[in-house]
Amino acid sequence: NRHKFWETQPVGQFKDVGDSSLPDGPIEPPTPLSEVKQEPYNLPNLYEWITCDINSDEVCTDVYNLLTDNYVEDDENMFRFNYSKEFLRWALRPPGYFKSWHIGVRVKSSKKLVAFITGVPARIRVHDEIVLMAEVNFLCVHKKLRSKRLAPVMIKEVTRRVHLENIWQAAYTAGVVLPTPMSTCQYWHRSLNPKKLIDVGFSKLGARMTMSRTIKLFKLPDSTATPGFRKMELHDVPAVTRLLRNYLSQFIVAPDFDENDVEHWLLPKEDVVDSFLVESPETHEITDFCSFYTLPSSILGNPNHSTLKVAYSYYNVSTKTPLLQLMNDVLIVAKKKDFDVFNALDVMQNETFVKELKFGPGDGKLHYYLYNYRIKHALRSSELGLVLL
Ligand SMILES: COc1cccc(CC(=N)NC(=O)c2cccnc2OC2CCNCC2)c1
């Protein structure tokens, strides 16, 4: 009963993979809103649901502390994601968000937050269909409450609250294989501070390599190479939206970003998201775009370092500047901002630059999933134009 819960859900089931009689699209029809369960699912006696007002500093701090101590670790339990409070506020309040989709579980007596799950609304295009979805993220159960089957209840409760807003599909990622990945991505790391990465065990010194040789190997220029390369600003939103919409149209699954979405997700926000563009010095046309988000990791049990400063490739568009040169400029900027490593999934055209720019393959995979939406043939990662936080 490895997937006891997921076998009860409207997701592609392993037994159905390859059954081409099943059409792409929703697996179950919407339920009339009057038939959606009106009250929250039952929790074990000591616990209660709490809707988390992420605008409240106290609540945001409780969420931050729960995730800092109990969220996703790498396979060797050496690192743990350490999303900042400002990042959480950004990630959870996009245009049209619902406070009711920021769901916590706390101990009735102590009011201690012990579990969390979230959804945010997103318009996602699948082939030629624009589908309103919830992007579900930050599922976290306190380490001391694991194996109490709390996660299935959290998932059912966020699903119920999404249904109440008349949304019937969702998108999510996981490092584990569940029924059934829509795509499976490889992740890649580009060392920016190789000495620290080796000191903390993130990287290993290559065979027949010295530390000084390794530092030299990953050294980057002090300044970017592309004329007209600059930070994105508010007045660039219309041009970046046009550039990004056109670029994303080539992928089978991609967000359907409008100007409001671009303003929220891609305008630079210090220590949260960085975005740059190339404005042609001659024509002032915006020809290229690149971005990354900031997600540090706590380093577990290292005497000299407590945090790994990690940049995650977000959305990149090259129409005039070679993608290789654009991404090398992004690495130069990330190094200058003191990031230790730059991560990228092999989605979109990322595979075309990772090898050239000295990325090394990560030791895990990131699986993408859709809820209540069948895609008969799993996508190649290069057919995926969606990056989740
Ligand atoms: C380096 O510190 C880590 C701390 C926790 C987990 C991992 C490995 C891992 N699971 N990495 C990823 O999932 C990953 C690798 C490359 C790019 N994006 C990623 O995940 C993103 C997107 C999904 N939500 C988490 C952040 C690494």
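The values are calculated or read from the model by the stated rules, or taken from the named source; none is laboratory data. These numbers come from a predicted model, not from an experiment. Glycine also receives a Cβ, built like all others from the backbone with ideal geometry; neighbour counts cover every protein chain displayed. To get the accessible areas, we keep the full protein, side chains included, count just its heavy atoms, and leave off ligands, DNA and RNA. Shrake-Rupley method; radii C 1.70, N 1.55, O 1.52, S 1.80 Å.
Spin-label point model (7 Å from Cα, Cβ direction): what's the Lys336 to Leu234 distance in nm?
2.4 nm
Quick one: pull the percent of accessible area on region 233-282 belonging to carbon and sulfur, 1.4 Å probe, ligands and nucleic acids left out.
Ligands and nucleic acids excluded, carbon and sulfur reach 44 percent.
For Lys355 and Glu48, what does the FRET efficiency come to when R0 = 41 Å and r is the distance between their Cβ atoms, rounded to the nearest 0.05?
Efficiency at R0 = 41 Å is approximately 0.20.
Can you give the relative contact order of region 228-325 as a percent, counting alpha carbon pairs under 8 Å and 6+ residues apart?
Across region 228-325, relative contact order equals 25 percent.
Size of the dipole of region 242-310 about the Cα centre, Lys and Arg at +1 and Asp and Glu at -1 on the beta carbon, nothing else charged, in debye to 20?
Charge dipole of region 242-310: 400 debye, to the nearest 20.
Taking 35 Å as R0, compute the FRET efficiency from the Cβ-Cβ separation of Asp258 and Glu73 and round it to 0.05.
0.45
Just add up the charged neighbours of Tyr41: K/R +1, D/E -1, any other residue whose Cβ is under 9 Å from the Cβ of Tyr41.
+1
Of Lys196/Lys365; Lys99/Lys309; Lys196/Lys219; Lys15/Lys37, which pairs sit farther than 20 Å apart, going by alpha carbon to alpha carbon?
Table pairs above 20 Å Cα-Cα are Lys196/Lys365; Lys99/Lys309; Lys15/Lys37.
Within the set of other residues whose C-beta is less than 15 Å from the C-beta of Gly385, count the net charge using Lys and Arg as +1 and Asp and Glu as -1.
Summing Lys/Arg as +1 and Asp/Glu as -1 gives -4.
Ignoring ligands, DNA and RNA, what accessible area per residue does region 216-277 give at 1.4 Å, in Å²?
The answer is 50 Å² per residue.
Label 7 Å along Cα→Cβ of Leu22; region 148-190 residues with amide nitrogen under 15 Å?
178-183
Among the DSSP beta bridges whose two residues both lie in the chain, what percent are antiparallel, rounded to the nearest 5?
90 percent
If you add up the charges near Ala122, with Lys and Arg at +1 and Asp and Glu at -1, over every other residue whose beta carbon is less than 9 angstrom from its beta carbon, what do you get?
-2
Taking the alpha-carbon distance from Lys231 and a cut-off under 19 Å, which lysines remain once sequence neighbours fewer than 8 residues away in the same chain are dropped?
Straight-distance partners of Lys231: Lys269, Lys320, Lys335, Lys336, Lys337.
Using a/c under 1.5 as the rounded threshold, could you call region 38-86 rounded, prolate or oblate? The axes a ≥ b ≥ c are square roots of the C-alpha gyration tensor eigenvalues, and prolate needs a/b larger than b/c, oblate otherwise.
It comes out oblate by the Cα gyration axes.
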